[in-house]
């Protein structure tokens with residue numbers, strides 16, 4: 001074991017052996033080592049990461065700890081998530097990452113994916129909010145079993161909406177502000193103004209991730225979100241069916257036009273396993289999501305099975321991630337981990353570019 005009589009610079013040099021495979025360089029060169037201080041045999045190491053509770057970033061932290069301990073030091077690690085675009089915005093102060101969930105077509109299970117993605121991130125230990133921007137079909141409150149009216153508090157002389165919490169997720173939806181049976185019959189400008197008001201009026205506090213459930217298609221509401229919210233990246237949902245894939249391709253092109261990062265494509269309802277015979281049936285076809293991801297050159301985030309338990313969880317207000325240990329729940333948990341990793345790569349790459357620009 002190395003003597004604990006080691007300097008800050010010595011430890012910094014040792015930490016150059018910790019590689020970030022996604023960036024192709026070590027964490028020191030990438031600017032991910034925010035601070036290091038050695039005193040009385042203890043190494044206080046601060047890492048500048050971007051995606052709280054992402055598996056890849058947890059692995060980086062573990063390897064940093066191992067380097068310090070191999071040097072004979074007790075490691076005390078902390079991770080600072082730079083505020084980056086989202087939290088620097090006056091619209092969402094304190095929100096570190098904004099993840100939009102979109103689809104080119106209705107009926108592909110986009111809201112189900114958004115709810116279970118948020119639940120999966122919360123299940124990993126992250127502080128998560130869910131904003132239901134699907135103003136014409138605000139189903140998220142039902143999917144989370146939330147029906148309480150939001151509280152209103154006064155902050156610095158201004159009324160702010162306190163989002164209720166369900167299953168560990170802070171939630172805001174137009175569905176919480178109107179009666180259950182009231183139709184939302186709004187022209188585009190009214191929907192846009194309502195959303196922009198909610199962006200600024202909700203007191204989200206400090207969040208690792210804010211998941212935004214967009215309406216299907218490409219229209220006024222989607223443009224309002226892209227223009228007013230600092231979206232870190234978008235998860236695009238499709239089914240394997242060709243008509244869904246065609247519409248989803250148009251949605252991906254819209255995000256490209258607005259220079260919004262697409263984290264990847266997820267294929268929902270990818271197959272049904274018969275509970276009686278165990279045979280798998282491709283009800284909506286197969287590999288449509290993977291083919292789309294390849295065609296538009298974005299990552300493929302995986303597939304989610306067609307499982308009655310997912311539908312039951314949505315109807316009961318209990319996301320399957322929170323209530324089940326089966327294949328579908330595992331697939332959603334894997335999706336949450338994959339999305340967190342993709343967010344982490346984007347954020348660390350931004351940090352790397354900043355570090356290189358300062359050299």
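The values are calculated or read from the model by the stated rules, or taken from the named source; none is laboratory data. Nothing here was measured: the structure is a model prediction, and the numbers come from that model. A quick note on method: Cβ atoms are made from the backbone with ideal geometry, for glycine too, and the neighbour counts reach across all protein chains shown.
Looking at segment 33-143, what helices (runs of 4 or more DSSP H) fall wholly within it and have at least 1 residues that are on the phi > 0 side of the Ramachandran plot?
Answer list for segment 33-143: 84-88.
Within segment 226-240, is even one residue modelled with pLDDT under 85 and either farther than 30 Å from residue 93 by Cβ or part of a loop (DSSP other than H, G, I, E, B) (or both)?
No, that holds for no residue.
Out of 221, 211, I need the residue that is assigned to a helix (DSSP H, G or I) and either more than 22 Å from residue 335 (Cβ to Cβ) or modelled with pLDDT of 80 or more (or both). Which one?
221
May I ask you to list the residues in segment 294-315 that are part of a helix (DSSP H, G or I) and under 20 Å from the mean Cα position of the chain (by Cα)?
First, pick out the residues of segment 294-315 that are part of a helix (DSSP H, G or I): 294-296, 308-315.
Across segment 294-315, the qualifying residues are 310, 314.
Test residue 248 against the criterion of being farther than 29 Å from residue 142 by Cα, buried (at least 16 other Cβ atoms within 10 Å of the Cβ), in the same structural domain as residue 118 (by the TED database) and modelled with pLDDT of 80 or more, and give yes or no.
no
Tell me yes or no: at least one residue of segment 215-225 is free of Cβ contacts under 8 Å to residues at least 60 places away in the same chain and at positive phi.
So far as segment 215-225 goes, no, none of its residues is free of Cβ contacts under 8 Å to residues at least 60 places away in the same chain and at positive phi.
Cβ-Cβ distance below 6 Å, separation of 6 or more or different chains: which pairs start in segment 139-156 with a residue that is free of Cβ contacts under 8 Å to residues at least 24 places away in the same chain and end on one that is surrounded by fewer than 11 Cβ atoms within 10 Å (Cβ to Cβ) and part of a strand (DSSP E or B)?
Between residues of segment 139-156 that are free of Cβ contacts under 8 Å to residues at least 24 places away in the same chain and residues that are surrounded by fewer than 11 Cβ atoms within 10 Å (Cβ to Cβ) and part of a strand (DSSP E or B), the close pairs are 152/159.
For segment 149-170, which residues satisfy the criterion of being assigned to a loop (DSSP other than H, G, I, E, B), touching a helix residue (DSSP H, G or I) at 6+ places or on another chain (Cβ under 8 Å) and within 22 Å of residue 206 (Cβ to Cβ)?
150, 164, 167, 168 - these are the residues of segment 149-170 that are assigned to a loop (DSSP other than H, G, I, E, B), touching a helix residue (DSSP H, G or I) at 6+ places or on another chain (Cβ under 8 Å) and within 22 Å of residue 206 (Cβ to Cβ).
Only one of (1) crowded, with 23+ Cβ neighbours inside 10 Å; (2) under 17 Å from residue 91 (Cα atoms) fails for residue 202. Which number is that?
For residue 202, the exception is condition (1).
Only residues that are surrounded by fewer than 24 Cβ atoms within 10 Å (Cβ to Cβ) and touching a helix residue (DSSP H, G or I) at 6+ places or on another chain (Cβ under 8 Å): list them for segment 124-133, please.
Selection gives 124, 126.
Return the pair list, or none, for Cβ contacts closer than 9 Å from residues in segment 53-72 that are farther than 21 Å from residue 6 by Cβ to residues that are exposed (fewer than 15 other Cβ atoms within 10 Å of the Cβ), at least 6 apart or on different chains.
From residues that are farther than 21 Å from residue 6 by Cβ, the pairs are 53/125; 56/21.
Scan segment 329-341 for residues that are in contact with a helix residue (DSSP H, G or I) (Cβ under 6 Å, 6 or more places away or on another chain) and surrounded by fewer than 22 Cβ atoms within 10 Å (Cβ to Cβ) and report the count.
Counting residues in segment 329-341 that are in contact with a helix residue (DSSP H, G or I) (Cβ under 6 Å, 6 or more places away or on another chain) and surrounded by fewer than 22 Cβ atoms within 10 Å (Cβ to Cβ) gives 3.
Just give me the residues in segment 157-174 being free of Cβ contacts under 8 Å to residues at least 40 places away in the same chain and under 21 Å from the mean Cα position of the chain (by Cα), in sequence order.
Residues satisfying the conditions are 164, 165.
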